[in-house]
Amino acid sequence: MARASIPLLTTIVAFVYVIQSNPATSTATILHGRTRPAMVLPLYLSQPNISRSISISRRHLQRSHPNSHPNARMRLYDDLLLNGYYTTRLWIGTPPQTFALIVDTGSTVTYVPCATCEHCGDHQDPKFEPDLSSTYQPVKCNLYCNCDRERAQCVYERKYAEMSSSSGVLGEDIISFGNESDLKPQRAVFGCENVETGDLYSQHADGIIGLGRGDLSVVDQLVEKGVISDSFSLCYGGMDVGGGAMVLGGISPPKDMVFTHSDPVRSPYYNIDLKVIHVAGKPLPLNPKVFDGKHGTVLDSGTTYAYLPEAAFLAFKDAIMSELQSLKQIRGPDPNYNDICFSGAPSDVSQLSDTFPAVEMAFGNGQKLLLSPENYLFRHSKVRGAYCLGIFQNGRDPTTLLGGIIVRNTLVMYDREHSKIGFWKTNCSELWERLHITGALSPIPSSSEGKNSSTDLSPSEPPNYVLPGDLQIGRITFDMFLSINYSDLRPHIPELADSIAQELDVNTSQVHLLNFMSKGNNSFIAWAVFPSGSANYISNATALRIISRLAEHRVHIPDTFGNYKLLQWNIEPQVKRTWWQEHFLMVVLAITIMMVVGLSVFGILFILRRRHQSVNSYKPVDAALPEQELQPL
């Protein structure tokens, strides 16, 4: 399987624009050019004394009970293994403009493509148009930022080692967090991209929401305003589920949440105090210092898998393989990688614990985090009942990097105020219910949403999928990503269409293949659901049922088709037909009848005429006539 993302910590090269001696900088300083000393935190490791002064000054100012401030509850979308990232929705401007942003704890800047972008890819949503927002303000050039050539506006730039980059101008506008949020819309600084390259150019998501430690981070800006407590939480969906939830601000931790110390002095990254890894109840024979090399043990939401130092990886691999002697080791799905895979396991994720061993991470305070098999395995895309290790060797880098796979179906609380990170195993699709938070919708996975053109500063997501009453739906289209090669998929397209029809509760004849595209070992397929039988349109009730099943990931297809992910869905109204289109069959039928009647009349007349000519035909005087026998009177 191709690696969905490259470990961000080991690849990011940041360009720092403002570095002053005093680290206690506010975003307001950059905006308004106050005399207060300023600094924008870099993405690379800061000097210890700088990090210490930041952590101390800010933590004392913001200490508060988690319930004393509102928080922003937001949904997560996409899937870490299929898409390479999780996204959330953010609304910027007045009226709000919608963006799908990659959730990244390793980045400190939030940026979206700008309408003036000279080199930006084709992403999920339209580019941000500052001229259409009545509340947008450019961040004017001042002493505390890097400026453009005209020295009119502050600029930013981020470069990544895999040769992708983002650069643009800094702007300030109102940011809204959706209708599940108790937090009112807030003004914040963000990047408006003018150039993007590499993976940032080709990705489906619009941009990145930076949750790292840094003055341009969304979290830091909201904390500095005093509108949220200094904490945020992420909850990633489980294997084959995707989606999840995010909370900006504090929440009351569950009683059985496992905590570990996170040292902001050691690095600006979110590190944890990992000491020992247990496999099947037995500790790996390692020196605890192996997990403290270079950046230590880092938790990064922007990384897909987990990466261990060489010694730790070899010990972990040997321990796992010694417990799986009953399974057959097979090749991985991608020949470009030497994945360690096993066949013969159950396809049901809930039964994996019966085959694969339990893994525990023990922290410096003695607490342990139990990892389920879905936290260190990914499903083989070509062999049913086969799984591969999602933990790899981090090259020669001694850093221990724990990506999103480690925390699937785990609520992770980044309690920055108290310098600790908490873990709580749960079902992320039922997070609000399990936390007993009322008035919140379940953080179920969903698809892309249309652009919100409302002037309301608190835009809403469409959890209820309300359709206009007068809309007559002509067809529903949706794009699907499958982790299977199209050459293997093509012979089974009718079977897949039949499976989709059953899951959507429609007739197989209503599901049509529109288009397909093959990309490596994966396939992208466009489908459409048409009205049934002689119906001219799909009823709103039927459409809502289909949309909810698609958007909430309640369509289950056989494992032979690998993992799938819904990329987007769309409703197309019934096409208004012209008089000729509406009456075409009737006209053709009438013409056909007229032609048949006409030909019939012509044929009858022709026969009668021939008979008449044969009776009264002219005969010459000397023509021989047949004898007529006299009949008796």
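The values are calculated or read from the model by the stated rules, or taken from the named source; none is laboratory data. Note that the structure is predicted; figures quoted are calculated from it, not measured. Positions of Cβ are generated from backbone atoms using ideal geometry, with glycine treated the same way; all protein chains shown enter the neighbour counts.
When the stretch 477-492 is filtered for residues that are of a type in the set (A, V, I, L, M, F, W, C) and farther than 30 Å from Pro573 by Cβ, the ones remaining, listed by number, are Ile484, Leu489.
One residue stands out among those in the stretch 347-364 that are of a type outside the set (Asp, Glu) and under 27 Å from the mean Cα position of the chain (by Cα): the one that is nearest to Val276 (Cα to Cα), which is Leu352. When Lys317, Lys294, Lys289 are checked against the criterion of being among the basic types (Lys, Arg) and free of Cβ contacts under 8 Å to residues at least 40 places away in the same chain, Lys289 stands alone in meeting it. Residues that are among the charged types (D, E, K, R), free of Cβ contacts under 8 Å to residues at least 40 places away in the same chain, out of contact with any strand residue (DSSP E or B) (no Cβ under 6 Å at 6 or more places or on another chain) and surrounded by fewer than 18 Cβ atoms within 10 Å (Cβ to Cβ): does the stretch 514-522 have at least one? There is at least one residue in the stretch 514-522 that is among the charged types (D, E, K, R), free of Cβ contacts under 8 Å to residues at least 40 places away in the same chain, out of contact with any strand residue (DSSP E or B) (no Cβ under 6 Å at 6 or more places or on another chain) and surrounded by fewer than 18 Cβ atoms within 10 Å (Cβ to Cβ).
Among the candidates Leu170, Leu76, single out the residue that is buried (at least 18 other Cβ atoms within 10 Å of the Cβ) and under 30 Å from Gly242 (Cα atoms). Break it down into steps so the answer makes sense when it comes.
Working: Leu170 fails: under 30 Å from Gly242 (Cα atoms).
Among Leu170, Leu76, only Leu76 is buried (at least 18 other Cβ atoms within 10 Å of the Cβ) and under 30 Å from Gly242 (Cα atoms).
Take the conditions (1) outside any loop (DSSP other than H, G, I, E, B); (2) within 29 Å of the chain's Cα centre (by Cα); (3) closer than 22 Å to Thr399 by Cα; Ile277 misses just one of them, which is (2).
For the stretch 562-588, taking the residues that are aliphatic (A, V, I, L, M) and in a helix (DSSP H, G or I), the one that is modelled with the lowest pLDDT is identified as Leu585. Of the numbered conditions (1) closer than 17 Å to Cys235 by Cα; (2) modelled with pLDDT of 95 or more; (3) surrounded by fewer than 20 Cβ atoms within 10 Å (Cβ to Cβ), Met413 fails exactly one; give the number of that condition. The one condition Met413 does not meet is (3).
Which of the following residues is acidic (Asp, Glu), surrounded by fewer than 20 Cβ atoms within 10 Å (Cβ to Cβ) and at pLDDT 80 or above: Asp559, Asp505? Of the residues listed, the single one that is acidic (Asp, Glu), surrounded by fewer than 20 Cβ atoms within 10 Å (Cβ to Cβ) and at pLDDT 80 or above is Asp505. Just the residues that are modelled with pLDDT of 90 or more and crowded, with 20+ Cβ neighbours inside 10 Å, please, taken from the stretch 225-243. Result: Ile228, Ser229, Asp230, Ser231, Phe232, Ser233, Leu234, Cys235, Tyr236.
What residue, among those in the stretch 499-516 that are polar (S, T, N, Q) and part of a helix (DSSP H, G or I), is farthest from the chain's Cα centre (by Cα)? Steps first, answer last, please.
Here is the first cut: in the stretch 499-516, the residues polar (S, T, N, Q) are 499, 502, 507-510, 515.
Adding the requirement that they be part of a helix (DSSP H, G or I) leaves 499, 502, 508-510.
On the way: Ser499: 24, Gln502: 25, Thr508: 28, Ser509: 30, Gln510: 27 Å.
Once the filter is applied, the top-ranked residue is Ser509.
Those strands (runs of 3 or more DSSP E) of the stretch 282-353 in which at least 2 residues are buried (at least 18 other Cβ atoms within 10 Å of the Cβ), considering only elements entirely within it, cover 297-299, 306-308, 341-343.
Yes or no, residue by residue, for (1) surrounded by fewer than 22 Cβ atoms within 10 Å (Cβ to Cβ); (2) modelled with pLDDT of 95 or more:
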| position | (1), (2) |
| --- | --- |
| Thr94 | yes, no |
| Thr108 | no, no |
| His119 | yes, no |
| Phe128 | no, yes |
| Cys141 | yes, no |
| Asp148 | yes, no |
| Tyr156 | no, no |
| Glu162 | yes, no |
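Scan the stretch 466-479 and tell me whether some residue there is assigned to a loop (DSSP other than H, G, I, E, B), surrounded by fewer than 16 Cβ atoms within 10 Å (Cβ to Cβ) and at pLDDT 85 or above. No, the stretch 466-479 contains no residue that is assigned to a loop (DSSP other than H, G, I, E, B), surrounded by fewer than 16 Cβ atoms within 10 Å (Cβ to Cβ) and at pLDDT 85 or above.
Quick grid of which residues meet (1) within 29 Å of the chain's Cα centre (by Cα); (2) among the hydroxyl-bearing types (Ser, Thr, Tyr):
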position	(1), (2)
Thr108	yes, yes
Pro113	yes, no
Gln124	yes, no
Phe128	yes, no
Gln137	no, no
Leu143	no, no
Arg149	no, no
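Residues that are free of Cβ contacts under 8 Å to residues at least 12 places away in the same chain and either part of a loop (DSSP other than H, G, I, E, B) or outside the structural domain of Gly212 (by TED's automatic domain parsing) (or both) within the stretch 134-171 comprise Arg149, Glu150, Arg151, listed in sequence order. Just one of the listed residues (Gly212, Gly191) is crowded, with 24+ Cβ neighbours inside 10 Å, in contact with a Ser or Thr (Cβ under 6 Å, 6 or more places away or on another chain) and under 21 Å from Tyr85 (Cβ atoms), and it is Gly212.
Every residue, every condition in (1) hydroxyl-bearing (Ser, Thr, Tyr); (2) surrounded by fewer than 24 Cβ atoms within 10 Å (Cβ to Cβ); (3) out of contact with any helix residue (DSSP H, G or I) (no Cβ under 9 Å at 6 or more places or on another chain), yes or no:
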| residue | (1), (2), (3) |
| --- | --- |
| Gly385 | no, yes, no |
| Leu389 | no, yes, no |
| Phe392 | no, yes, no |
| Arg396 | no, yes, no |
| Thr400 | yes, no, no |
| Gly422 | no, yes, yes |
